[in-house]
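See below for the structure under consideration.
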Amino acid sequence: MNVFYIVANPEKEGAADTEKEIVDYLHSRGAKAICQDWKDFLGGRYTQPSQVPEDTECVITIGGDGTLIQAARDLAGRGIPFVGVNRGHLGYLTQVSRREDMLSMLDALLEGKYTLERRMMLEGRILRTGKIVAGDIALNEIVISRRDMLKPLHFRLLVNGEFLNDYTADGMIFATPTGSTAYNLSAGGPIIAPGARMMVLTPICSHALNARSIVLPAEDQLTIQVPEEGHMLAFDGNLAGELYCGDQILIQQSIVETVLVQLKKISFLQNLSNKMIGV
């Protein structure tokens, strides 16, 4: 790799200094490094896709997992590998945190000492009176949540057109294996190896004694029927809008994937163990 694009989260402490150090180091090694203009940050978005050159070989994000996820969604379909420098809290996607590790990471990128890992994404669409009115993709999860704080939601779930269950809950998380360590984990859902191809469905505070997470093949087609108003839909934490009575949400595996750079030669289980003890 020799052409890099840097996406830094200006809200993270030390992001500006880290960005400058990365750019200076890459330039000293004869590489090309372009930074996102911080003046263009609007509404919490850190990436302007139109500014990313076509010859970009790697995007380096500086922030937390959220920064990398936002960049991956903004640049979906470009096939550009991503690697993250952690300046946030607990990060499962970001590769390095310490300065010495960061410089080693840059050396590995320049010298081709890395592997690439493809992560599945989900596609969600809102069907209203027979027409698609909105849609997006998610690297972590698609979430149905409630608009009113004290009112539970009611919705029906079909898998490949076949009835599965009627739910009464605060919402539902539809997570990828990558997202299984995010909101899904906080809601009591299972952890899935990131390279797997499957979907995890986890109810949020279900009003039933037998409600559990369900793991389905990635090829399955999900339909959520909304019988009343008060539902909200979000993609990786970004609100897509309010749902109305009669709406249907269609969820399936996206044809778009996120490509992540893998530098550390440790297993997923070892990485998980490290995160659990705060390493």
ALA208 and GLU57 label points (each 7 Å along its Cα→Cβ direction) are spaced in nm at 5.2
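Taking the highest mean first, how do the peptides 97-105, 163-171 order by number of other beta carbon atoms within 10 angstrom per residue?
Most protected by this proxy first, the peptides run 163-171, 97-105.
Treating only the Cβ atoms of Lys and Arg (+1) and Asp and Glu (-1) as charged, compute the dipole magnitude of region 121-256 about its Cα centre; round to the nearest 20 debye. Walk me through the intermediate numbers first.
Values: 9 positive and 14 negative charges, 11 e Å.
Dipole size: approximately 60 debye.
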Note on region 68-189: C-alpha Rg/Rh, Kirkwood Rh, two decimals, gives 1.06
Rounded to one decimal in nm, the spacing of the 7 Å Cα→Cβ label points at ASN2 and PHE163 is 6.3
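For a test of the definition: using alpha carbon positions, the gyration tensor, and the 1.5 limit on a/c, classify region 121-256 as rounded, prolate or oblate. Don't skip to the end; give the middle numbers.
On the way: a/c = 1.45, a/b = 1.16, b/c = 1.25.
Rounded is the answer for region 121-256, as its axis ratio a/c remains below 1.5.
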Rounded to the nearest 10 degrees, the helix 99-111 long axis (Cα) sits at an angle to the longest Cα principal axis of the chain of 80
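Please state the shape class of the chain: rounded when a/c is under 1.5, otherwise prolate if a/b exceeds b/c and oblate if not, all from the C-alpha gyration tensor. Intermediate values should be presented prior to the final figure.
Values: a/c = 2.18, a/b = 1.83, b/c = 1.19.
Prolate.
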From the Cα centre of region 1-24 to that of region 77-149, the distance in Å is 17
Given unit charges at Cβ for Lys, Arg (+) and Asp, Glu (-), the dipole magnitude of the chain about its Cα centre in debye, nearest 20, is 360
Full extension between ALA134 and ARG147 adds, at 0.36 nm per residue less the Cα distance, a length in nm of 2.9 nm
For the chain, longest principal axis from Cα atoms; helix 65-74 axis from its Cα atoms; angle between them, nearest 10 degrees, is 80
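What ranking, highest mean first, results for peptides 213-226, 54-67 when packing means the other Cβ atoms within 10 Å averaged over each residue?
Values: 213-226: 16.5, 54-67: 21.8.
Ranked by mean Cβ neighbours within 10 Å, highest first: 54-67, 213-226.
Read-outs: derived from the displayed coordinates by stated rules, not from any lab. Treat the numbers as computed from the prediction; the structure is a model and nothing was measured. Here Cβ is always computed from backbone atoms with ideal geometry, including for glycine, and neighbour counts include all displayed protein chains.
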